[in-house]
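Engineer: Below: one structure in structure tokens.
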């Protein structure tokens, strides 16, 4: 009899302790991103549409109180001048609200393990959190833009799409990183509310949204130029009016540098597990 070697069929499995996902866990990152988006979309009346009504009220009050169509700033009617700033301010505030809530509520409710146990890296976790916050900011910006465009006497039209996209990305990414830092540091909702009320809200309101910094004294001009939100709003306004309170390239460099610093800090803190892991 001739020995016949039977072919053996083996299923290739990773050795114990060897990760099967070797580069980027796209499916895990996408799942976390979708989870974060669905979380704010389930209450979109509060997270998307309510900010548009609030911002429209800002527009109505300031245009009626400060002269409306008779007043011009940087060569543009007052209503047209403040409209892009109001859109950016709404996006900034809501991007921060989204990124500062996710992991914080997990820490308070004891479900932070949902962020720590899945097989995704620290960079993938950070990317999903920031991308979801920027997505909410984009939805809010579109909703505010529609509400403002429907109001009589306001004329906004994109002139430099690249500037709108770039400063939306840089500005909302900056506050999203700031929100992640807040969610890591905070231990209760009061801590996050304190950052919102004493940092984000004042910086966004005092960033040239309702006025041109050229009209301020040299001291307050210097203070405004130290405000990162000023560059986001000024650059975003340039995309609609072709005018800005500062150089557009300078704003891009400042926001880009701050994003690199905050992104690295968020990554380091998440990697270390500071205030997240016992």
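Engineer: Can you name every residue in region 167-200 that is closer than 25 Å to residue 249 by Cα and surrounded by fewer than 21 Cβ atoms within 10 Å (Cβ to Cβ)?
Structural biologist: 169
Engineer: Where in region 1-100 are the helices (runs of 4 or more DSSP H), entirely inside, with at least 3 residues that are surrounded by 22 or more Cβ atoms within 10 Å (Cβ to Cβ) and modelled with pLDDT of 95 or more?
Structural biologist: Passing ranges, in order: 78-99.
Engineer: Within region 152-166, track down each residue that is surrounded by fewer than 19 Cβ atoms within 10 Å (Cβ to Cβ) and part of a helix (DSSP H, G or I).
Structural biologist: Passing the criteria: 161, 162, 165.
Engineer: Would you check which residues across region 231-254 are part of a helix (DSSP H, G or I) and buried (at least 22 other Cβ atoms within 10 Å of the Cβ) and list them? Quick ask: steps written out before the conclusion?
Structural biologist: As a first pass, look at region 231-254 and keep what is part of a helix (DSSP H, G or I): 231-241, 248-254.
Residues satisfying the conditions are 231, 232, 233, 234, 235, 236, 237, 238, 239, 240, 251.
Engineer: Let me ask something else. Give 74, 104, 45, 150 a once-over and let me know the one that is under 24 Å from the mean Cα position of the chain (by Cα) and over 30 Å from residue 260 (Cβ atoms).
Structural biologist: Of the residues listed, the single one that is under 24 Å from the mean Cα position of the chain (by Cα) and over 30 Å from residue 260 (Cβ atoms) is 45.
Engineer: Can you find even one residue in region 142-151 that is under 21 Å from residue 251 (Cα atoms), without any contact (Cβ under 8 Å) to a residue 60 or more places away in the chain and assigned to a helix (DSSP H, G or I)?
Structural biologist: Within region 142-151 (the criterion being under 21 Å from residue 251 (Cα atoms), without any contact (Cβ under 8 Å) to a residue 60 or more places away in the chain and assigned to a helix (DSSP H, G or I)), the answer is no, since none of the residues qualifies.
The values are calculated or read from the model by the stated rules, or taken from the named source; none is laboratory data. Just so we're clear, the structure is a prediction, and the values are computed from it rather than from any experiment. With ideal geometry, Cβ positions are generated from the backbone for all residues, glycine too; neighbour counts draw on all protein chains shown.
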